[in-house]
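Engineer: Submitted below is the structure of interest, expressed as structure tokens.
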Amino acid sequence: MRVPPAARKSPPQPSPIRGEGAGSGQWRVIALATTTLVLLGLGSSTHAAEVRDLIKECAFCHGDAGVAKDKDVPHLAGQQRDYLYNQLQAFHSGKRPHKEMRYMSRHMTEQEMRAIADYYASLPPR
Ligand code: HEC
């Protein structure tokens, strides 16, 4: 008697993620891109890499992780997000007068200030 094909022990199926050949990779890229766009659309609009770029020069005074070394420079890490945002706005508009901070914030957009505030607020406080 012949064993029907279904009764033979089949080899383990390749996982559907890896196993579908060239096509599935493309779909995953598209899905990822879509997710990213959706996330961006939802408001955190400035990308993490861009934030790091924006704050490159801040580290000089405010420290790499938002913890300042100089005693006349405030720590930013773990500060309230809204507070940080408001201060950046105030420096930007000149409402809070400070030479260096006015200069540093002179080209910041609304989105960038929000992203920077989010970033420093998310860091562990000293
Ligand atoms: C040249 C040094 C220097 C640089 C560079 C610098 N800051 Fe500052 N920052 C200061 C000082 C000093 C203060 C305190 C201002 C004051 O006395 O009113 C300050 C204040 C702030 C505050 C308000 C903090 C608080 O507790 O009120 C924020 C927010 C801030 N800086 C963000 C930034 C960001 C973001 C950057 C980079 C884009 C930056 N700073 C770059 C020196 C600097």
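Engineer: Let's see if you can work this out: charge +1 on each Lys and Arg Cβ, -1 on each Asp and Glu Cβ, no other charges. What is the dipole magnitude of the range 46-122 about its Cα centre, in debye to the nearest 20? Can you show the working numbers first?
Structural biologist: Values: 11 positive and 11 negative charges, 55 e Å.
Here the range 46-122 has a charge dipole of around 260 debye.
Engineer: Got a sec? Charge dipole of the range 46-122, +1 on Cβ for Lys and Arg, -1 for Asp and Glu; which of A59, P74, M113 is way out at the positive end?
Structural biologist: Positive-most Cα among the choices belongs to P74.
Engineer: Can you pull a Stokes-Einstein diffusion coefficient for the range 46-122 at 20 °C (1.002 mPa s), Rh from Kirkwood over Cα pairs, as a whole number of µm²/s? Provide the component values of the computation, followed by the final result.
Structural biologist: Values: Rh = 12.3 Å.
Result for D is 175 µm²/s.
Engineer: Note down the net charge around S93, summing +1 for each Lys or Arg and -1 for each Asp or Glu among other residues with Cβ under 12 Å from its Cβ.
Structural biologist: Values: positive: K95, R96, R102, R106; negative: E110.
Residues near S93 contribute +3 overall.
Engineer: Considering only the other residues whose Cβ falls under 14 Å of the Cβ of L123, what net charge follows from Lys and Arg at +1 and Asp and Glu at -1? Could the numbers behind the result be given before it?
Structural biologist: Numbers: positive: R52, R81, R126; negative: D64, D118.
After counting each charged neighbour, the total is +1.
Engineer: What's the ranking of 76-82, 111-117 by average number of surrounding C-beta atoms within 10 Å, highest first? Let's see the in-between values first.
Structural biologist: Details: 76-82: 16.4, 111-117: 20.3.
The peptides rank, most packed first, as 111-117, 76-82.
Engineer: With Cβ to Cβ distances under 13 Å as the rule, what net charge do the other residues near L84 carry (K, R +1; D, E -1)? Before the final figure, lay out each step's value.
Structural biologist: Numbers: positive: R81, R96, R114; negative: D82, E112, D118.
Taking every other residue near L84 into account, the sum is 0.
Rule-based calculations on the coordinates, nothing more; no lab input. Since the structure is predicted, the reported quantities are computational estimates derived from the model, not experimental observations. No Cβ is skipped: glycine too gets one built from the backbone with ideal geometry, and neighbour counts run over all protein chains shown.
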